[in-house]
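Below you'll find the structure, written out as structure tokens, and then a few comments.
The values are calculated or read from the model by the stated rules, or taken from the named source; none is laboratory data. Everything numeric here is computed off the predicted structure, so don't read it as measured data. Cβ placement follows ideal geometry from the backbone for every residue including glycine, while neighbour counts extend to all protein chains displayed. All accessible areas refer to the heavy atoms of the entire protein, side chains included, with ligands and DNA or RNA removed. Shrake-Rupley method; radii C 1.70, N 1.55, O 1.52, S 1.80 Å.
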Amino acid sequence: MRSMLREGFLELDVNGEHRKVVARPADTLLHVLRERLGLTGAKPSCKNGDCGACTVLVDGWPIKSCLMLAVEAEGHLITTVEGLKNTPIQKSFVDNFAFQCGYCTSGFLMNCHALAQIHPQASYATMREWLQSNLCRCTSYEEITQAMENVLLKT
Amino acid sequence: MNTVGIGISIPKKESNDKVTGRAKYNTDHIRPELLHAWMVTSIYAHARIKSIDLAKAYKITGVRAIVTGDSCPILCGPAIEDWSPLARGKVRYFGEPIAVVVGDSEAIAKEAAGLVQVEYEPLPVVNSPAQAFQADSPKVHEDLAIYEIVQAGTIFPQPGTNILQHVKVKKGDLQKGWQESEVVVEASYSLPQANHIAMEPRNARAEIKPDGQVIIDSSTQGPFNIQKFISKYFKLDNSKVTVRAPLVGGGFGGKTTVHVEFIAYLASRAVGGRPVKLVESREQDMTSSPCMLGLQASIKLGAAKDGTLKAGEFTLITDVGAYCDSGSEMARGMAADCSGPYRLDNLHCDAYSVYTNHTFVTAFRSFSRLSSTFALERTMDKLAFALGMDPLELRKKNALRPGDTSPTMVRLNKNNFGNLEACLEKLKTLINWDEGVRVELGNGKVRAKGAACLWKTSSSSPNAHSSAIIIINDDGTLNLSVGAVEIGPGSKTCLAQILAEKLRMDVNKIHVIMEVDTSASPHHWKTVASMTNYMVGNAVLEAARDFIRQLKTIGGIVLKCPAEMLEVGSGRVYLREDPEIFVDIKEIGSGYQYPEGNAIGGQIIGRGNFIMPHLLPMDPSTGRGRLGPAWAVGAQAVEVEFNQRDFSYKIVRAATVMDAGKVLNPKGARGVVMGGMSMGLGYGSREAAKYSTGGQRENPQLRTYHLLRLGENPQYLVEFVETPDINGPYGMRGIAEHGIIGIPAALANALSAAAQADLDCPPLTPQAIWQACKGAGK
Amino acid sequence: MIPFDFEYYRPETATEAVTLYTDLAGRGKNARYFGGGTEIISFCRLYQLYPHAVIDIKGIPELNTFEQKNGKLFIGAAKTLSQIQESNLFPLLNYCGGRVADHTIRNKITLGGNLCAMIPYRETSLALLVSEAELVIQNRKGKKILPISEIFHESLRLEDGDLLMGVHIREECLGAPFVCLKKTSDGNVGYPQDRVGYPVVSVAAMRADNKIQAAFSGVCIFPFRSRTVEEVFNKSNLPREEKIRQAVEVIPAAIHDDMISSAGYREFVLKSMMAEILERLE
Ligand SMILES: Cc1cc2nc3c(=O)[nH]c(=O)nc-3n(C[C@H](O)[C@H](O)[C@H](O)COP(=O)(O)OP(=O)(O)OC[C@H]3O[C@@H](n4cnc5c(N)ncnc54)[C@H](O)[C@@H]3O)c2cc1C
Ligand code: FES
Ligand code: FES
């Protein structure tokens, strides 16, 4: 049985790298990624699961890292926005002006990227269901929808 | 793709950083030496603080200091000094900071904050603007009479009451206006407070160096403002305070004021100047830091049978919450624009700001013009109905034109006003208005449209100014440095485009410095009021002229001709009559070296500044005056599909036509307009700060304070009219806020038509519509 | 940021989990089974919960299975709502669970966590109530299987230390005709989900043995299935409007009035949902 009784070492697989970090059992993944690994792409905004700014991928699936303990992530593959390298969705966001302040962008990108990987031919309804998980206060979502649609395969 | 100048959709300069997670916002600076602060906030809306017990909190290992209001006996505020960064004596709103704990980690500070024991004696609560007005209402501020007024002549508090501001605007002969009115409508409206919800919560770091230098890093729209107020209230020389602002994760006006910066400074001071980071939780951002004002309005309009407006009476009571901040200013702004962009020769407006035991307010996208516009534009629709006239026709008939005057007697011309009629004309086609305001679709569904006009001038301080510096690099590229903060709309990219246009060079060769540092960056008032491209753009143009002048001077020496014969473009200084005779700017930008080896000149630095001329404060009894340099005008419409059975609806389309003067970056401009519209639809349909009967905030979370989500957005139709403003860079007008202004009203007009009920109190949730229809017996 | 500390355990068997729970209790430590953890983490952040230890049950293989045998579908309690949705084994549960929170959160929320949640909506319970699911529960004394009606009264009445292992649903319920409706303060929620928020009213209804069975969340302060309401629904020869009028009168508690919805509006929504249920399942 794995147990973690107090602050101690954790081993995490982040963006293809094996990392050893010090954390408390009660630390969220968001906190550890940012404060211990300096991966500040995932953003804190509500820390309550409501906004999606902290979204990262765990085994390829989008997860709100403010509602996951770091210790829960042991043994899973974590991808943060820093791990995205020249993916189509990143370029599509730039081309479609899919951000203004950019604070929600990392979270949206992770969710969009996962959707493109898991359901490359997602229907509009599926896309909406997935992307509803993230909030953006600057754009009108039209730009983000466009950026996503341009990356999904047309059926 | 063409990358020279304006009128083209250059992606934001910081794009690559923003899509790779490399863009650094203020909280992204992770440093082991940072201490962390957490605020203790009030759980009552109005209560006397009987005692604060810190003993338990100090027992937590790693707590370095706890600061309460008693260690900081100051009162501050931009208009009137009514506010203490940490409450003293009593708390006046739920969420008001009472103390701040500094600890080795956020967890430690937060845990200790939970152990600070505050003993309260609850007081009766002022829970609405109407209640604030009652003579026997509890007083939010007993000391109103002795507060220092900072901006004399702009704020008129009434000691002994909760009235903080009373602005009067009087124009024409109201008596005569009513006599000429054949149709009169009158209605009241109530609009709740709401939140900015920048996705990056408000936060700041503070540090005091051993030599006394104060360094504040903040997620702010106004670094120079922070510098000004920290130095003022802590009695420091202005230059002893350095404020830095990196990329900001959204502001919408909420980051114009100085709030957490004061508290972070106090926290750092308490630990000997060590760097302290204070980040608000979402809940604190929604309750402790200022929000958007609420409004209670009554409007009476009179018109002749043909629809010509004859008279108008406006009472606007703004709920500014517990402290003034810019609340008194917003009342002035609303009063100055009270008529909407309509010709109304006889009017009276009384605009008030009243204290309540709600969260205090600050600027909100459009300086809260969306609220007064809601009341006016709903009344316009009611008037159209009473007249039996098409609502868009009524608006067109009364649209202001060059030669008319504003409520505060500013004479309008093409430059300071633009062309509203053209906007209305375009809107009509865009939204297919002639199809009819209300169309039955069968199956219990109705399609309906509503429209509203918008206008807004800025409320800039008459001495607001901006500067810009251009520096040339050895490779011939330029660095542009300005004091405006990048909060999202891409202002820095637009400014680079303005410079590129002037120098006729590739925008990619112009680097913009993203971070603002008050010790190094040129000044800019505040990144607010849609004035950035206008003010800073003018400063950039001035700097560009200076830069060109210097290039030509040295170019003339190299090319052996008078400077007047030269032009600058494509990174060269060349002979006007033969561009093939030229010198590269990189060869002269840092001094020119003759073939023989000796050199002349030096690095070329262009500098420019801009101050807004002709602004005049409003006269206290008539309101005569000029708050801002120009208006931007536009017309908007919303189309809904309404289900008469269950009162739910879908927002199908939303349209805006705005006179932008000149569109600098088409995709960028469309984006900020749509962003504003989206926010307006959110406010119109669901956003509201809800207070319990005790004045406690009930929905300080995004779980229960809903924003629009993806898929709920309608189809957006955005078009521009371009009537240049001769004073704006390349004719542009400030439009960054304006997309929001008429949208809540247009939505309410559409829904009122659909439901055939007066929907006068947003947010228009299905429940609100159900309630209104039930009230109307439907 | 959870300001205080707790211990974390990830047992590999259910026996290990329940033993650990009792051991911790014996040492005066209040433990919590930790499924998706979404509620535990958010409550801890807000000081609404202070466990000394959390027992992460996602490492227990049995709680992570779907199994169809002996005419029943078993869904492990640690299965996430997204996994349930992607498996598409029980459409009614897709609908009920597929509208809880949002898609990304559903990658984390577990069936067990939603059924045992403190946040009162527990929308997945609606599908299980109308399909008369059986709950598999383990504690120190062993394993027991109980019909949901015996143990779900307003909330799941687990005893201290009870671990919910999973649920059994009879196969004939999996394809039964159903109606599932949800409305938030902003409007109707379609499926796939097109709007996020707590329910004003959320209902699931199913037609089985020629009878309508219906369960409700949002209406009262707890979710419920009411036999009396169903009796009214299933009366023959009663006009629909009369059925609705009578049904609203016999719901088990006062209609909830809060900032999400007034009681009056909830009643209005409830009635229109009842009408739709009757229209589609009668
Ligand atoms: C953004 C957001 C939106 C939400 N919206 C909705 C909504 O619309 N409708 C709705 O119904 N709910 C909603 N919720 C609440 C949500 O349902 C709960 O947070 C969630 O169901 C908890 O599931 P979990 O697996 O994360 O549980 P946990 O947080 O792990 O646990 C919750 C509780 O259940 C107990 N528990 C968990 N598993 C077991 C088990 N196997 N046996 C015994 N006890 C167990 C835990 O000890 C704890 O007390 C929302 C939550 C969020 C974060
Ligand atoms: S910060 Fe995690 S969802 Fe908002
Ligand atoms: S770009 Fe600012 S919140 Fe989305």
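Any residue at all in the stretch A:48-63 that's within 12 Å of chain B (Cβ to nearest Cβ), away from ligand 1 (no atom under 16 Å from the Cβ) and in contact (Cβ under 8 Å) with a residue 60 or more places away in the chain?
Scanning the stretch A:48-63, I find no residue that is within 12 Å of chain B (Cβ to nearest Cβ), away from ligand 1 (no atom under 16 Å from the Cβ) and in contact (Cβ under 8 Å) with a residue 60 or more places away in the chain, so the answer is no.
Condition check: assigned to a loop (DSSP other than H, G, I, E, B), at positive phi, at pLDDT 95 or above and assigned by TED's automatic domain parsing to the domain that holds B:E106. Does B:G307 satisfy that?
no
Of these, B:I735, B:I726, which one is part of a loop (DSSP other than H, G, I, E, B) and surrounded by fewer than 24 Cβ atoms within 10 Å (Cβ to Cβ)?
B:I726
Filter the stretch C:235-276 for residues that are assigned to a helix (DSSP H, G or I) and either in contact with a His (Cβ under 8 Å, 6 or more places away or on another chain) or β-branched (V, I, T) (or both) and give the result.
C:I244, C:V248, C:A263, C:R266, C:V269 - these are the residues of the stretch C:235-276 that are assigned to a helix (DSSP H, G or I) and either in contact with a His (Cβ under 8 Å, 6 or more places away or on another chain) or β-branched (V, I, T) (or both).
Which condition number does B:E712 fail, the rest of (1) within 14 Å of chain A (Cβ to nearest Cβ); (2) more than 30 Å from B:G444 (Cα to Cα) being met?
Against the list (1) within 14 Å of chain A (Cβ to nearest Cβ); (2) more than 30 Å from B:G444 (Cα to Cα), B:E712 comes up short only on (2).
Is one or more of the residues making up the stretch A:30-39 basic (K, R) and open to solvent by less than 20 Å² (accessible area, probe 1.4 Å)?
Yes.
Conditions: (1) over 16 Å from B:I741 (Cα atoms); (2) in contact with a Leu (Cβ under 7 Å, 6 or more places away or on another chain); (3) open to solvent by less than 20 Å² (accessible area, probe 1.4 Å). B:R447 meets all but one. Number of the miss?
Failing condition for B:R447: (3).
Condition check ((1) surrounded by fewer than 24 Cβ atoms within 10 Å (Cβ to Cβ); (2) modelled with pLDDT under 95; (3) under 37 Å from the mean Cα position of the chain (by Cα); (4) in a helix (DSSP H, G or I)) across all residues:
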position: B:E501; (1), (2), (3), (4): yes, no, yes, yes
position: B:N508; (1), (2), (3), (4): yes, no, yes, yes
position: B:H511; (1), (2), (3), (4): yes, no, yes, no
position: B:S521; (1), (2), (3), (4): yes, no, yes, no
position: B:V536; (1), (2), (3), (4): no, no, yes, yes
position: B:I548; (1), (2), (3), (4): yes, no, yes, yes
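Give the number of residues within the stretch A:6-29 that are within 15 Å of the chain's Cα centre (by Cα) and within 12 Å of chain B (Cβ to nearest Cβ).
2
Residues checked against (1) open to solvent by 50 Å² or more (accessible area, probe 1.4 Å); (2) under 20 Å from B:L499 (Cβ atoms):
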residue: B:E564; (1), (2): yes, no
residue: B:G571; (1), (2): no, yes
residue: B:E580; (1), (2): yes, no
residue: B:I588; (1), (2): no, yes
residue: B:N598; (1), (2): yes, no
residue: B:Q603; (1), (2): yes, yes
residue: B:G608; (1), (2): no, yes
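Quick one: C:N210 ticks every box in (1) away from ligand 1 (no atom under 14 Å from the Cβ); (2) at negative phi; (3) assigned by TED's automatic domain parsing to the domain that holds C:V248 except a single one, so which number is it?
For C:N210, the exception is condition (2).
Tell me, yes or no, whether the stretch B:262-284 has at least one residue that is of a type in the set (S, T, N, Q), within 29 Å of B:R22 (Cβ to Cβ), in contact (Cβ under 8 Å) with a residue 24 or more places away in the chain and assigned to a helix (DSSP H, G or I).
Looking for residues that are of a type in the set (S, T, N, Q), within 29 Å of B:R22 (Cβ to Cβ), in contact (Cβ under 8 Å) with a residue 24 or more places away in the chain and assigned to a helix (DSSP H, G or I), one finds at least one in the stretch B:262-284, hence yes.
Within the set of pairs 6+ apart or on separate chains, which have a first residue in the stretch B:611-622 that is open to solvent by less than 50 Å² (accessible area, probe 1.4 Å), a second that is modelled with pLDDT under 90 and of a type in the set (S, T, Y), and C-beta atoms under 7 Å apart?
From the stretch B:611-622, the pairs are B:M612/B:S460; B:L615/B:S460.
Assess whether C:I151 counts as being surrounded by fewer than 24 Cβ atoms within 10 Å (Cβ to Cβ) and out of contact with any Asp or Glu (no Cβ under 8 Å at 6 or more places or on another chain).
It is true that C:I151 is surrounded by fewer than 24 Cβ atoms within 10 Å (Cβ to Cβ) and out of contact with any Asp or Glu (no Cβ under 8 Å at 6 or more places or on another chain).
So if I check each of C:Y95, C:Y50, which one is open to solvent by 40 Å² or more (accessible area, probe 1.4 Å), under 21 Å from C:Y21 (Cα atoms), of a type in the set (S, T, Y) and not assigned by TED's automatic domain parsing to the domain that holds C:I260?
Answer to the check: C:Y50.
Based on this model, can you work out whether C:T124 counts as more than 16 Å from ligand 2 (Cβ to nearest atom), under 29 Å from C:D209 (Cβ atoms) and either under 11 Å from the mean Cα position of the chain (by Cα) or open to solvent by 20 Å² or more (accessible area, probe 1.4 Å) (or both)?
Criteria met by C:T124.
Run down B:K90, B:K59, B:K13 and say which single residue is more than 14 Å from chain A (Cβ to nearest Cβ), more than 16 Å from B:L278 (Cβ to Cβ), under 32 Å from the mean Cα position of the chain (by Cα) and among the charged types (D, E, K, R).
Only one candidate qualifies: B:K90.
Looking at (1) within 14 Å of chain A (Cβ to nearest Cβ); (2) more than 23 Å from the chain's Cα centre (by Cα), which is the only condition C:N70 fails?
(1)
C:V54 - would you say it is more than 16 Å from ligand 2 (Cβ to nearest atom), within 14 Å of chain A (Cβ to nearest Cβ) and within 23 Å of A:D50 (Cβ to Cβ)?
yes
Select, from C:Y9, C:Y33, C:Y47, the only residue that is part of a strand (DSSP E or B), more than 10 Å from chain A (Cβ to nearest Cβ) and of a type outside the set (D, E, K, R).
C:Y33
Considering only residues that are away from chain B (no Cβ under 11 Å) and crowded, with 20+ Cβ neighbours inside 10 Å, look in the stretch A:66-78 and name the one that is farthest from ligand 2 (Cβ to nearest atom).
Out of the qualifying residues, it is A:V71.
Considering B:R653, B:R670, which residue is open to solvent by 50 Å² or more (accessible area, probe 1.4 Å) and within 14 Å of chain A (Cβ to nearest Cβ)?
None of the other options fit; the residue is B:R670.
Take the stretch A:31-47 and flag every residue that is farther than 19 Å from B:Q701 by Cα and either touching a residue at least 24 places away in the same chain (Cβ under 8 Å) or away from ligand 2 (no atom under 14 Å from the Cβ) (or both).
Within the stretch A:31-47, A:H31, A:V32, A:L33, A:E35, A:R36, A:L37, A:G38, A:L39, A:G41, A:A42 meet the criteria.
Name the one entry in C:N234, C:N188, C:N210 that is under 30 Å from B:E712 (Cα atoms), open to solvent by 10 Å² or more (accessible area, probe 1.4 Å) and not hydrophobic (A, V, I, L, M, F, W, C).
Going through C:N234, C:N188, C:N210 in turn, just one is under 30 Å from B:E712 (Cα atoms), open to solvent by 10 Å² or more (accessible area, probe 1.4 Å) and not hydrophobic (A, V, I, L, M, F, W, C): C:N188.
Among the residues of the stretch A:82-99, is any at the interface with chain B (Cβ under 9 Å from one of its Cβ atoms) and under 20 Å from C:D5 (Cβ atoms)?
No, every residue in the stretch A:82-99 fails to be at the interface with chain B (Cβ under 9 Å from one of its Cβ atoms) and under 20 Å from C:D5 (Cβ atoms).
Can you spot a residue in the stretch A:81-89 that is of a type outside the set (A, V, I, L, M) and either under 18 Å from A:L131 (Cβ atoms) or within 16 Å of ligand 3 (Cβ to nearest atom) (or both)?
Within the stretch A:81-89, one or more residues are of a type outside the set (A, V, I, L, M) and either under 18 Å from A:L131 (Cβ atoms) or within 16 Å of ligand 3 (Cβ to nearest atom) (or both).
Only one of B:S648, B:S678 is polar (S, T, N, Q) and surrounded by 24 or more Cβ atoms within 10 Å (Cβ to Cβ). Can you tell me which?
B:S678
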